[in-house]
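Here is the structure we will look at.
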Amino acid sequence: MATPAIASDKPLQQQVDALTERLSELEQRLISIEKRPTTVTRTTIIKTDNSLPPPTNPGEWQDTTNWIHLKVGMDYQDVRDLLGEPLKIRRGASEFWYYTDKKFGGPHLKFLFKKVNAWTAPEGIAGTD
């Protein structure tokens, strides 16, 4: 059953009318935006290692140029080729390769799922962690 209009409802009706008009304007703007051709621009930044000197003594963990070539995600063979065999390997949920008897106090790598996850380079090698 419809309620008869009351004099005090006039401001409310004006608000409804204003909102209805605004909604109509927004719908028209949306229609015009949706009609515009879509342009997608994708920028890809590729980080290259061109600025790094090549490893001078692959397989020698003491060579600093080898440590700066380490990357997260390298597999066991990549690391062996780059740094050589570790002094000790500790296997568990994570695998650790130690290159000195200092263990975590010296250069070492952490592997998760057979891929390099993190490492600590020998002292004095910046930008490797």
- Task: Residue by residue through the range 90-127, note down the ones that are acidic (Asp, Glu) and under 18 Å from residue 72 (Cβ atoms).
- Result: 95
- Among the residues of the range 35-59, write down those that are modelled with pLDDT under 60 and within 30 Å of residue 80 (Cβ to Cβ). 46, 47, 48, 49
- How many residues does the range 61-75 hold that are of a type in the set (D, E, K, R) and either at pLDDT below 90 or in a loop (DSSP other than H, G, I, E, B) (or both)? 2
- Note on the structure: Being assigned to a helix (DSSP H, G or I), under 26 Å from the mean Cα position of the chain (by Cα) and surrounded by 15 or more Cβ atoms within 10 Å (Cβ to Cβ) narrows 116, 79 down to just 79
- Note on the structure: Expected single match for assigned to a helix (DSSP H, G or I) and modelled with pLDDT under 85 among 24, 32 is 32
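The values are calculated or read from the model by the stated rules, or taken from the named source; none is laboratory data. Computed from a predicted structure; not experimentally measured. Neighbour counts are summed over all protein chains in view; Cβ atoms, including those assigned to glycine, are modelled from backbone coordinates with ideal geometry.
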